[in-house]
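Each remark here refers to the structure printed beneath this line.
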Amino acid sequence: MYALFRSRPGLGLLAGLGLLVLAFGISLASGLQAIPIGTVLEALTAFDGSPAHLVVRSIRLPRTLIAMAVGGCLGVAGTLTQALTRNPLAAPGTLGINAGATLAVAAGLYLLGTPSLHTLAWLAFLGAAAAAGAVYALANLGRGGVTPLRLTLAGAAMAGFLTALTQGVLVASERTLDEIRLWLAGSVAGRDPEVLRGLLPYMLVGLALALGLGRPLNALSLGEEVARGLGQRTGWVKAAGAAAVVLLAGSAVAAAGPIGFLGLAVPHLSRWIVGPDYRWVLPYSGVLGAILLILADVGARLIIRPGEAPVGVVTALLGVPFFIALARREVGRR
Amino acid sequence: MPVLRTEGLTVAYGETPVLDGLTLTIPAGRITALVGRNGCGKSTLLRALARLLRPRGGTVYLDGASIFRMPTREVARRLGILPQAPTAPEGLTVRELVALGRYPHQGWLRHWSEADERAVESALAATGMLDLADRPLDALSGGQRQRAWIAMALAQETEILLLDEPTTYLDMAHQVEVLELLYELNQARGRTIVMVLHDLNQACRYAHHLVALKDGRIYAQGDPREVVTPEMVREVFGIECCVLTDPLAGTPLCIPAACKGCTFRRPEDARRLPAPPPAAPAAAEV
Amino acid sequence: MSRWTAIRCRRLPVSFRLDRRVPPVLLALGGIALALTVLSLGTGQYPVPPGEVVRTLLGGGSREYDFVIRTLRLPRALVAFLVGLALAMAGAILQAITRNPLASPDVTGLSAGAGLGAVAVMVFLPDAPWSALTPAALAGGLAAGGLTYWLGWKGGSHPLRLVLVGIGIAAAAQALTNTVMATTQSLRVGEALVWLTGSVYGRSWQHLRPMLPWLGVGVPAALLMARHLDVLHLDEDLARGLGSRVEWHRGMLFLIAVTLGSAAVAAAGTLGFVGLMAPHIARRLVGPAHGGLLPTAGMVGGLMVLAADLIGRTLLAPIEVPAGVVTAAVGAPYFLYLLFRNR
C-alpha cells in the first residue's frame, strides 16, 4: 500500500484527511458517556440544547478542535526540527523547546497575575526561542561538531533544568499550581474555545512558513555544504525553519501544555509512509499529528474511567517505546 | 610447568563459526605467537583460552582441568589476560592499576597483604615503572601505558600470560620496547606467554612457537624458522613474499611483494622478485 | 614514596590499604558538614545564634530552642544529609558498573521509577505509614532501573545509549505518575506533587527512621564491595580475566545502588543531579579508587543537599524553594559540561 502512496502522494494525503474526519467523529462520540454518531451529527447541524448535544458542542467539539490544531502543529514542528538538525531523535519535546515555553508561561502566570492570551502566546514563543537557541549553542560548543546523540542529551539536560525551574515557580506560588497542574501534564480538556481562536493566527503563519520550506529542506537534507553548493542560502532556510518551529511549538504549548513524543514519532511515521521528500513529509506530518493527538485524547478519556488522564501522558506512554527503539538503533549505528 | 591446551574448540558468533574444532597445545615456558589475517580467529582463540568466550564445542584445559568448570578466581591466579587496547577510568594512577592485578589473590577482609605489596612493587620494577608509579595513566605515553598494563598482568603473578596485540597503536620504538620486555620476562622468570601479533616479522623474532591460523583452523605451527615459508605466507596472509634471514636475530624475515600481481613502479626492482605466482589461488580469495 | 599506608593484622588474614589523601579529605568534609548543619539549624523564621545551636544540640539549651532545633530542624538536616549521601553513593556505583560518567539514579530512570512507586502508595493507600513508601519506591526503582539496564545494554554497551534509554524510561515513569495523580482528587495529590519536586520540607523523625535500616544495609555493603567496583570499572574483559564474577557482582552492586537511591527518593522525592555531580567532585578530591571514593562521594552528596536546602530556604525567603530545584539548577549545567568536556 505504501508503495502506492510513495508514487501518488496526493492520494495518501486525501486518505489521511478522510481518517482525520473519522477520528474527529470518534472523538465527538466517545467519552464517559458514549453518544451515537447520529446524535453527534444532529448536535452539529440541528442543535436542540439537550444534554447530549450540549456535551458534544460545548465540551467535545472545542477539545477535539484544539487537539487537531495542536497535533498538527507538533507534527510539523517535529519534522522541521529533525530536518534542520538532521537528527532523528530531535523534537520540540526532546530538545527542551517545549520546556522553555512552559517555563515562560508558568512564570508569566506567576508574575503577571492573569495576562491576556496574546501575552501568554508571546511569552511561550520567547521561551521556546530561548531554549532552542540555548540548545543549539550548547550543541555547537563541543569540538568536532554535533552528533545527534549529544544534541539529544543536551536537550534532555536543558529540559530537566527548565522543568526544575518551572517547578520552583509553581511551588513559589500555590495559586499557579492549582490552575495549571493539568495544563502542565499536557491536556486539551476544559480549554476555552477562545484559546484556539486567539492562537490560530500564529499557528497558521507557522504552518504556512513550514510548508513553504519543503524544497529547501530537501536540499538541506543532503548536508549543509551540498545545499550551499546547490546555491541555497542555508542561513535563511535555517532561520525561517527555526521561526516556524518556535511559532508552532510555542502556540501548541500555550494551547495545551507540553505534549511530548508526538513531535518525535510523527515525522518518522510520515517518512515511512511517503518517503524522504519534505514537500510531502511536512503536510503528512500535519495530518498525522492531528489524527494521532485526537485519538490519544480519546484514549486519555477512556483509560482511567471515570477519571481522565492528561493527553500528554498517553503520548508519552506511546512515544517512549518509540524513542527507546530509535535510541538503540542510533547508537548501534555510531 | 602449566600446560594449556584446547581440544576440539569450536566458537561461533551467531551462526558463523569462527573457530572450527581447534586442537592446540601451548608449549609451557615459551613464547607462542598467534598470527593470521584479520578475522582468522586469532583473537577469538586467545579470548577462548582466557575463558572470556564460551565455546560451542570442545574446551580449554589448564593442567588437565577444564577452565570453564574451575572457579574463575582460581583461573585468574594462574592465567592472566591483557585484552587489546584496554581502557582504564580517568585519573587512575599506575600503582592503583597495578594493584588491581592482585584482585584474584584478595579476600573479603584481606585487601592488602605483604605479598600483595611485594608483587606490585616487583611488577613495577620489572617493567621500569617505579618512577612513574604515582602518575595517572592518562598522563603517560602509549608505550608507558602499555608497560603499566603489562605490570598489572605481572602483579597477578600467573604462570601463563595471554596478550591480545600488545603492540597496537604503538610506534616502532615502543613496539620493540614492549616485545623486549615480554621476552625478558619469559627468559628471566620462565613465564608462558601467548600473544596475538599482527606483524609476522615481530612474531618470528620474539616467539619460540608460531601458530598460523586460517579460517578458524591451524594452518601451520612450530618453530618460526621452520614454519615461515613463502607458501605458508601466501596461504595464510594471501600475499606473495620473499623470506630472508634476519641479519640480527637469525630468524625468518618476510619481505612482502604484491597481493594480486600488481606491478611495481620501478620495473628494474621487480626483476629481483621471485617468479610471479600462478594467479589462481589469490584470485579465489576475492 | 607510595601514597598508601598498609593496615594489617598479624594474626588474622585481615589487611587494608589506606590512601593517605582520604582521611584528611573526609575530616575536612565532615567539619564543613558540621558547620553547615549548625548554620542550617540556626537559620529560619526563628533564628538561633550558632552558639545556642551547639549548646542545644549538646542538651543544654532552653526549652523553646530545644523544640525548634531538636524537634523541627534537626531531623530535616539529617534527612538532607543522608539523602544526599545515599544518592551520591548510588551514583558512584552506577557510574562504575556502567563505566559511564553520565550515569546516576535520575539519568537511569531509577529515581523516576522510585517516585512512581511511592506516589502510587501515597495516592492509593492514603493510610499507609511513611515506612511503606520505601519498599514501594524500591520496587519502582528496581523495575525502572532494571528496564533501563536491560534495554540499554542488550547487544552492546554504549554509555550514551544507556543514558538515552534512561531518559525514555524516566519519561514513561513520569507519565505513569501523572496518570496515578489524575485518578484521584484526594488532598494527597498536592502533597505528592511537592514531595516529587524533591525537598526536605517538613521532614521529621518519622521520615528519618524508615530510611535508616535501608542505609544501614546499603552503605556497608557498598563499602565492602568497593574492590569489586574497582575491577568492574575497568574493561569487561579485564574484569573477567582478573577473576571477577562480573554478572553476579554487577547485579549485587546494582541492587545496592537501587536500595540506596530508592530509600533517598522515598524520604525526599527526586532530588536531581546529586547522584551525578557528587561522584565527580569526589573523584577530583581522592581519585577513582572506590575504597576512598565511595565515602568521599557520600560526604560530598550529603553536603550538597544540606547546602541546597539552606540556599532554597534563604534565597527567596519567606518562600521556600525546594532543594531539588536548587540541585537541578546547578546540576543541569554540570551535566552539560560533562557531556561536552572532551569531544
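The values are calculated or read from the model by the stated rules, or taken from the named source; none is laboratory data. Computed from a prediction, not measured in an experiment: that's the story for all the values here. Here the Cβ positions follow ideal geometry from the backbone for every residue, glycine too, while neighbour counts run over all protein chains shown. With ligands, DNA and RNA removed, areas are computed over all heavy atoms of the protein, side chains included. Shrake-Rupley method; radii C 1.70, N 1.55, O 1.52, S 1.80 Å.
Within the range A:315-329, the set of residues being more than 7 Å from chain C (Cβ to nearest Cβ) and open to solvent by less than 20 Å² (accessible area, probe 1.4 Å) comprises A:THR315, A:GLY319, A:LEU326. Restricted to the range C:37-60, and to residues there that are among the polar types (S, T, N, Q) and at pLDDT 85 or above, the residue that is farthest from C:LEU82 (Cα to Cα) is C:THR56. Considering the range C:29-41, the residues that are of a type outside the set (S, T, N, Q) and in contact (Cβ under 8 Å) with a residue 24 or more places away in the chain include one that is farthest from C:VAL54 (Cα to Cα), namely C:LEU29.
Annotation: of all residues in the range C:265-303 being within 20 Å of C:LEU339 (Cα to Cα) and among the β-branched types (Val, Ile, Thr), the one that is least open to solvent (accessible area, probe 1.4 Å) is C:VAL274. Yes or no: C:LEU234 open to solvent by less than 40 Å² (accessible area, probe 1.4 Å) and within 13 Å of chain B (Cβ to nearest Cβ)? So C:LEU234 fits the description; yes. If you check C:SER262 against the conditions, is it crowded, with 24+ Cβ neighbours inside 10 Å, touching a residue at least 12 places away in the same chain (Cβ under 8 Å), within 14 Å of chain B (Cβ to nearest Cβ) and of a type outside the set (A, V, I, L, M)? Spelling it out, it is not the case that C:SER262 is crowded, with 24+ Cβ neighbours inside 10 Å, touching a residue at least 12 places away in the same chain (Cβ under 8 Å), within 14 Å of chain B (Cβ to nearest Cβ) and of a type outside the set (A, V, I, L, M). Pairing each residue of the range C:238-250 that is facing chain B (nearest Cβ under 7 Å) with any residue that is surrounded by fewer than 22 Cβ atoms within 10 Å (Cβ to Cβ) and charged (D, E, K, R), provided the two are 6+ apart or on different chains, yields C-beta distances under 7 Å for C:GLY243/B:ARG73.
Hey, any hits in the range C:268-280 for a residue that's at pLDDT 90 or above and within 14 Å of chain B (Cβ to nearest Cβ)? Yes: the range C:268-280 contains one or more residues that are at pLDDT 90 or above and within 14 Å of chain B (Cβ to nearest Cβ).
Please name all residue pairs, on different chains or six or more residues apart, with Cβ atoms under 9 Å, provided the first residue is in the range C:62-78 and is over 20 Å from C:GLY302 (Cβ atoms) and in contact (Cβ under 8 Å) with a residue 12 or more places away in the chain and the second residue is of a type in the set (A, V, I, L, M, F, W, C) and part of a helix (DSSP H, G or I). Within 9 Å, the pairs are C:TYR65/C:VAL53; C:VAL68/C:LEU41; C:THR71/C:TRP205. The residues in the range B:107-131 that are crowded, with 20+ Cβ neighbours inside 10 Å and not small (Gly, Ala, Ser) can be counted, and the count is 7.
Is it fair to say C:SER131 is more than 13 Å from every other protein chain (Cβ to nearest Cβ) and modelled with pLDDT under 85? So C:SER131 passes the test. Looking at the range C:4-20 only, could you name the residues that are assigned to a loop (DSSP other than H, G, I, E, B) and open to solvent by 70 Å² or more (accessible area, probe 1.4 Å)? If the condition is that a residue be assigned to a loop (DSSP other than H, G, I, E, B) and open to solvent by 70 Å² or more (accessible area, probe 1.4 Å), then C:ARG10, C:ARG11, C:LEU12, C:PRO13, C:ARG20 are the ones that fit.
Residues in the range A:182-233 that are open to solvent by 50 Å² or more (accessible area, probe 1.4 Å) and of a type in the set (Asp, Glu) were compared, and the one that is farthest from the chain's Cα centre (by Cα) is A:GLU225. Checked against the criteria, B:ALA153 counts as part of a helix (DSSP H, G or I), within 11 Å of chain C (Cβ to nearest Cβ) and farther than 27 Å from C:ARG10 by Cα.
Taking first residues from the range C:139-151 that are within 14 Å of chain A (Cβ to nearest Cβ) and buried (at least 24 other Cβ atoms within 10 Å of the Cβ) and partners that are at pLDDT below 85 and outside any helix (DSSP H, G or I), the Cβ contacts under 7 Å between residues at least 6 apart in sequence or on separate chains come to C:THR148/C:THR108.
Looking at the range B:90-103, is at least one residue assigned to a loop (DSSP other than H, G, I, E, B), more than 8 Å from every other protein chain (Cβ to nearest Cβ), touching a Lys or Arg at 6+ places or on another chain (Cβ under 9 Å) and open to solvent by 20 Å² or more (accessible area, probe 1.4 Å)? Within the range B:90-103, none of the residues are assigned to a loop (DSSP other than H, G, I, E, B), more than 8 Å from every other protein chain (Cβ to nearest Cβ), touching a Lys or Arg at 6+ places or on another chain (Cβ under 9 Å) and open to solvent by 20 Å² or more (accessible area, probe 1.4 Å). Restricting attention to the range B:39-55, which residues are modelled with pLDDT under 90, open to solvent by 20 Å² or more (accessible area, probe 1.4 Å) and more than 14 Å from every other protein chain (Cβ to nearest Cβ)? If the condition is that a residue be modelled with pLDDT under 90, open to solvent by 20 Å² or more (accessible area, probe 1.4 Å) and more than 14 Å from every other protein chain (Cβ to nearest Cβ), then B:GLY39 is the only one that fits.
Going through A:ARG334, A:ARG228, A:ARG329 one at a time, which residue ends up being within 27 Å of A:ALA129 (Cβ to Cβ), out of contact with any Asp or Glu (no Cβ under 6 Å at 6 or more places or on another chain), basic (Lys, Arg) and at pLDDT below 85?
Step by step, each of A:ARG334, A:ARG228, A:ARG329 is checked, and only A:ARG228 is within 27 Å of A:ALA129 (Cβ to Cβ), out of contact with any Asp or Glu (no Cβ under 6 Å at 6 or more places or on another chain), basic (Lys, Arg) and at pLDDT below 85.
Only one of the numbered conditions (1) within 27 Å of C:LEU164 (Cβ to Cβ); (2) touching a helix residue (DSSP H, G or I) at 6+ places or on another chain (Cβ under 8 Å) is violated by A:ALA67, and that is (1).
Residues that are within 12 Å of another protein chain (Cβ to nearest Cβ), under 22 Å from C:GLY30 (Cα atoms) and in contact with a Phe, Trp or Tyr (Cβ under 6 Å, 6 or more places away or on another chain) within the range C:291-342 comprise just one, C:THR327.
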